[in-house]
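Notes to accompany the following structure.
What follows draws every value from the coordinates through simple rules; no lab data is involved. Source: prediction; values computed, not measured. Neighbour counts are summed over all protein chains in view; Cβ atoms, including those assigned to glycine, are modelled from backbone coordinates with ideal geometry.
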Amino acid sequence: MPEPLSRRDLIARTVPALAAGSTLLAAAQAYGADAAPAEKAAMPKSVVLDLLRQAVEGDKYVLPKLPYSPDALEPHIDAQTMTLHHDKHHAAYVANLNKAIAGLAKLREGEEIVPATLAGLTRDISFNAGGHIFHTIFWGTMGVGSPFSDRMLAIYAAITKQYGSEKAFQAHFSAVALGVKGSGWAVAFYEPLADRILITDTGDQDNRIIPTATPILLLDVWEHAYYLKYQNKRADYIKAWWNVVNWGEVDALYNVARTMSGKTA
Ligand code: MN3
């Protein structure tokens, strides 16, 4: 008899944004506190995996703590923006995700499933789950870590091979971030079919996700992510953000995504 689907599997099958992060969620769970030492040793240490483990408790989604103090990314990203972004915006996605799931349960108990209510709640789940997972990964991929020029990193080899140079990759990613219309994210995904890194953007935080691909580097370009310090100068925010990318963590996620999809070095 097949194992019953876990909550993660169920959501991963129905919510594209969560599906994109599901490799990381699977890794976080499989290599968590209960894993055998050999299994844990096989997976690189990762801030993001630790945060993803904190992002759910039982059947409720939970706001993980920032892995550094709100002023840690100064002067590039200011403490007030970090505090509002994490404590208010991310917290609201978590609360609204739990609310939408409860709302759907209630809807199923009713005499009929009202299509408009269903459509609204389904969108709420996709939107808020995307927000919850993307922000959780975003916090973990910033901070003080290895510089990109560390040639020992697997991500360095992959990016220079696929994009020609660090500069070419950053220019491409920055242009995608700058080109997002309205609110959204620039995202670099690991795509396991071709063992390749792809850059795309999202509408809000729940569209244009590549199924099976795993986000390894992402940048929030919603105005709430930068407006206090940079106002309308999104390009300045993007330029500053490169200074706080934790390449050691991006490398860890790249290795986790490859390991989880059966690739060897
Ligand atoms: Mn945001």
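Quick notes on this one:
- Close Cβ contacts (under 9 Å, 6 or more residues apart or on different chains) running from residues in the range 218-229 that are in contact (Cβ under 8 Å) with a residue 40 or more places away in the chain and within 15 Å of Asp78 (Cα to Cα) to residues that are within 6 Å of the ligand (Cβ to nearest atom) and among the acidic types (Asp, Glu) comprise Tyr226/Asp220.
- Residue tally, condition part of a strand (DSSP E or B) and touching a His at 6+ places or on another chain (Cβ under 8 Å), over the range 207-261: 1
- Pick from the range 122-158, criterion of a type in the set (D, E, K, R) and either touching a residue at least 12 places away in the same chain (Cβ under 8 Å) or not in a loop (DSSP other than H, G, I, E, B) (or both), ranking: nearest to Gly103 (Cα to Cα): Asp124
- Scan of the range 202-247 for residues that are surrounded by fewer than 21 Cβ atoms within 10 Å (Cβ to Cβ) and charged (D, E, K, R), ordered by number: Asp204, Arg208, Glu223, Lys229, Lys233, Arg234, Asp236, Lys239
- Test: residue in the range 55-70 that is without any contact (Cβ under 8 Å) to a residue 24 or more places away in the chain, more than 16 Å from the ligand (Cβ to nearest atom), closer than 25 Å to Val144 by Cβ and surrounded by fewer than 15 Cβ atoms within 10 Å (Cβ to Cβ): yes
- When the test is whether a residue is within 14 Å of the ligand (Cβ to nearest atom), more than 22 Å from Lys167 (Cα to Cα) and either out of contact with any Cys (no Cβ under 7 Å at 6 or more places or on another chain) or of a type outside the set (D, E, K, R) (or both), Gln205 passes it.
- Flag for Ile238 being in contact (Cβ under 8 Å) with a residue 12 or more places away in the chain, away from the ligand (no atom under 16 Å from the Cβ) and either farther than 23 Å from Leu97 by Cα or out of contact with any strand residue (DSSP E or B) (no Cβ under 7 Å at 6 or more places or on another chain) (or both): no
- Remark: Asp201 matches the filter, which requires a residue to be assigned to a strand (DSSP E or B), over 23 Å from Ser46 (Cβ atoms) and without any contact (Cβ under 8 Å) to a residue 60 or more places away in the chain.
- Scanning the range 86-142 for residues that are among the hydroxyl-bearing types (Ser, Thr, Tyr) and closer than 24 Å to Asp201 by Cβ yields Tyr93, Thr122, Ser126, Thr136, Thr141.
Each row is one residue, and each column tells you yes or no for (1) under 20 Å from Met142 (Cα atoms); (2) in contact with a strand residue (DSSP E or B) (Cβ under 9 Å, 6 or more places away or on another chain).
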{"position": "Leu63", "(1), (2)": "yes, no"}
{"position": "Asn98", "(1), (2)": "no, yes"}
{"position": "Val114", "(1), (2)": "no, no"}
{"position": "Thr117", "(1), (2)": "no, no"}
